[in-house]
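**Student:** One structure is given below, represented as structure tokens, and several questions about it will come after.
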DNA sequence: GTTATGTAGTGGGATAAAGTGGGATTACGA
DNA sequence: TCGTAATCCCACTTTATCCCACTACATAAC
């Protein structure tokens, strides 16, 4: 289970080091794609295969699912984690998520999300404001 | 059953010692997350697994549940209790709960809450003020 | 009442590891 | 063939982790 939040730096060579806590679970081969809310998703290869399989089985005739498949599949790249535990972020994904030097890596169960740090902080603030409603939902779900 | 309230110090290395009374029940592996009302929740690993399982099954398509799983999962870290009975609080959680040197640990049945001492005192005062209403509620529920 | 003994909580130093930056070498396209 | 970019490798800096020591308070012994 991937959890936690880390601030790392994306260097001038577009390298981004993964937190050690993620490395074992993530393995050496990963897939990075455009994510939701202007962040990137990074999946371990095994997880990705499951997702790609589901996307393939979507009816291609419908324009909305067609758009969704294109958005995700066309925006995906598979990369290897290098010897120092780093991955390479291609330019077009860097641009998509507006990544600069300071980057947030966030573990969300089966994937790692990659955020511009400012965007992430702002997103968190928005979520915290709705904490009351969240407490209600958590209670309803029997989580807390 | 985790109960009681303790004032401990969070040292310059972000270490926080658990009260001895908690150590047996909590075990060596714990998970700390963002909680409600600006405190942190600390769960024994077994308890956490139950929560995480429920969160995993939430639909990712809806933006509100997406926000919630990010809030909790990305806001969580798993830590081991060290030889001296201490845990490490990562910077981003320290910041979230505004933890300084003086920290309150409060047992709440199956979790331990970690508070800034001032915030805790203030919270208690607020609750005490509404004690009248609370007594009513407890009575209604057949608890007291 | 005073002195041992033990344990909880705290602090600090030494060592190991993680994260980061940069140079050198190799591959690739113009 | 040249210039650019990707890859590998090494080195530095900071942070984390381990281990031991000190203090305070409590209990037990004399």
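Nothing in this text is a laboratory measurement; each read-out follows from the coordinates by a stated rule. Since the structure is predicted, the reported quantities are computational estimates derived from the model, not experimental observations. Heads up, the Cβs are rebuilt from the backbone with ideal geometry, glycines too, and the neighbour counts pull from every protein chain shown.
**Student:** Only counting other Cβ atoms within 10 Å, I'd like B:70, A:15, B:24 sorted with the fewest neighbours first. If you can, show how the numbers build up before the last one.
**Tutor:** Numbers: B:70 23, A:15 15, B:24 7.
So the ranking, lowest neighbour count to highest, is B:24, A:15, B:70.
**Student:** Relative contact order for chain B: what percent, with Cα pairs under 8 Å and sequence separation of 6 or more? Spell out each step's value before the answer.
**Tutor:** Values: 203 pairs, mean separation 49.5, N = 144.
The normalised contact order for chain B reaches 34 percent.
**Student:** Looking only at other chains, what is the average number of their beta-carbon atoms within 10 angstrom of each beta-carbon in B:55-68?
**Tutor:** On the way: counts 6, 4, 2, 4, 0, 4, 1, 0, 2, 5, 3, 4, 8, 9.
Mean inter-chain Cβ contacts per residue within 10 Å come to 4.
**Student:** Could you work out how far the C-alpha centroid of segment B:11-83 sits from that of segment A:1-26, in angstrom?
**Tutor:** Segment B:11-83 and segment A:1-26 have Cα centres separated by 20 Å.
**Student:** Can you list the distances in nanometres, one decimal and ascending, from the residue B:79 label point to the identical position in each other copy, with the point 7 Å along Cα to Cβ?
**Tutor:** 3.0
**Student:** For a quick protection proxy, order the peptides B:1-10, A:42-51, B:25-34 by their average other-Cβ count within 10 Å, most packed first. Kindly include the intermediate steps, with their values, before the conclusion.
**Tutor:** Numbers: B:1-10: 13.7, A:42-51: 17.3, B:25-34: 19.1.
Sorting B:1-10, A:42-51, B:25-34 by mean packing, highest first, produces B:25-34, A:42-51, B:1-10.
**Student:** Going by how many other beta carbons lie within 10 Å of each one, how would you line up A:12, A:130, fewest first?
**Tutor:** Values: A:12 7, A:130 14.
Final ranking by Cβ density, sparse to dense: A:12, A:130.
**Student:** Another one. What is segment B:102-144 by shape, rounded, prolate or oblate, if you read a ≥ b ≥ c off the alpha carbon gyration tensor as root eigenvalues and call it rounded for a/c under 1.5, prolate for a/b larger than b/c, and oblate otherwise? Each step should come with its number before you reach the end.
**Tutor:** Details: a/c = 5.42, a/b = 1.63, b/c = 3.32.
It comes out oblate by the Cα gyration axes.
**Student:** So, R0 is 51 Å and r is the distance between the beta-carbons of residue A:118 and residue B:118; what FRET efficiency does that work out to, to 0.05? Please report the intermediate quantities before stating the final value.
**Tutor:** On the way: r = 29 Å, r/R0 = 0.57.
Rounded to the nearest 0.05, the efficiency is 0.95.
**Student:** Which of rounded, prolate, oblate describes segment A:42-144, given a ≥ b ≥ c as roots of the alpha-carbon gyration tensor eigenvalues and a/c under 1.5 marking rounded, otherwise prolate only if a/b is larger than b/c? It would help to have the intermediate numbers written out before the result.
**Tutor:** Working: a/c = 1.73, a/b = 1.18, b/c = 1.47.
Here segment A:42-144 falls in the oblate category.
**Student:** Quantify how strongly other chains surround peptide A:113-120 by giving the mean number of their Cβ atoms within 10 Å of each of its Cβ atoms. Spell out each step's value before the answer.
**Tutor:** Details: counts 3, 0, 2, 0, 0, 0, 0, 2.
Mean shielding count: 1.
**Student:** Now, a different point. What 222 nm value per residue comes from the helices of the protein assembly as shown, counting each DSSP H run with n ≥ 4 as -39,500 (n - 2.57) and dividing by all residues, nearest 500 deg cm²/dmol?
**Tutor:** On the way: 12 runs with 110 residues, N = 288.
Per the formula, -11000 deg cm²/dmol.
**Student:** Under the definition of partner shielding as Cβ atoms of other protein chains within 10 Å of a residue Cβ, what is the mean value for peptide A:96-108?
**Tutor:** On the way: counts 0, 0, 0, 0, 0, 0, 0, 0, 2, 1, 4, 5, 10.
The shielding value for this peptide is 2.
**Student:** In what sequence do A:127, B:72 fall when counting other Cβ within 10 Å, fewest first? Could the numbers behind the result be given before it?
**Tutor:** Details: A:127 19, B:72 23.
The most exposed by this proxy come first: A:127, B:72.
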